[in-house]
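Okay, structure first, notes after.
Only the coordinates and a few stated rules stand behind these numbers; no lab work does. Because the structure is predicted, anything quoted here is derived from the model rather than measured. So basically every Cβ, Gly included, is an ideal-geometry build from the backbone, and we count neighbours across all protein chains shown.
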Amino acid sequence: MPITHTSVKEQTMDSRVANQFILASIEVFRKVGNVSLKKTGLEYFPGGHKISTGIATILGVTGDLKGQFIITLDESISLKIATAILMGVPVTQYDEVAESAVCEIGNMIGGEASKLLQEEGYKCDITVPSIVKGKEMEIAFYPAAPLFMIHFSCEWGPIDLILRFDNKPKS
């Protein structure tokens with residue numbers, strides 16, 4: 001279910017941009033793990049927001065768009081991602097392999113979104129991912145730029161995609 005221009009008031013990020021990241025996330029999870037992501041919700045925070053999460057992979061976006069996209073999930077999902085990327089070889093503990101897999105899924109989503117954005121007329125590059133992990137971790141966005149938080153559910157559990165851009169895309 002894509003975002004429409006009327007679904008979020010005072011929107012500062014073009015819905016076409018957000019939709020490319022949503023479509024990319026759905027496609028990458030389908031290809032990597034034969035997993036069906038279902039969009040279950042969308043939140044818009046016009047003045048920024050703090051999020052609490054277990055694991056987050058953060059990637060920057062540069063070019064026509066400047067900002068970040070973040071994928072948040074829990075440890076059990078990271079193990080499933082790692083197992084899927086390793087073609088079924090079980091990964092049972094969070095270690096460098098699981099961390100690498102979470103970064104790789106971020107790279108894949110970023111690459112797919114970048115391709116889709118290019119088709120929409122936006123030139124952008126995706127930076128190398130960073131990963132953060134903690135039991136009671138909180139990520140705050142300063143300065144407080146507007147952000148979208150897209151909630152997904154799937155066979156593996158809940159996954160969130162956070163989009164934060166410092167500039168409004170060119171029309």
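Let me check I've understood the local charge: for Ile150, count other residues with C-beta under 13 angstrom from its C-beta, Lys and Arg +1, Asp and Glu -1. What total comes out?
Here the charged neighbours net out to +1.
Once R0 is set to 25 Å, what does the formula 1/(1 + (r/R0)^6) return for the Cβ-Cβ distance between Glu119 and Glu155, expressed as a FRET efficiency to the nearest 0.05?
Numbers: r = 29 Å, r/R0 = 1.16.
E(calc), rounded to 0.05, equals 0.30.
List the trypsin sites (Lys or Arg not before Pro) within the stretch 28-70 that DSSP assigns to loop and that have no more than 16 neighbouring Cβ atoms inside 10 Å. List each step's numbers first, then the result.
Details: sites: Arg30, Lys31, Lys38, Lys39, Lys50, Lys66; in loops: Lys66.
In loop regions of the stretch 28-70 (DSSP not H, G, I, E or B), the sparsely surrounded trypsin sites (Lys or Arg not before Pro) are Lys66.
Computed over the stretch 37-125, the P(r) tail beyond 23 angstrom holds 35 percent of alpha carbon pairs.
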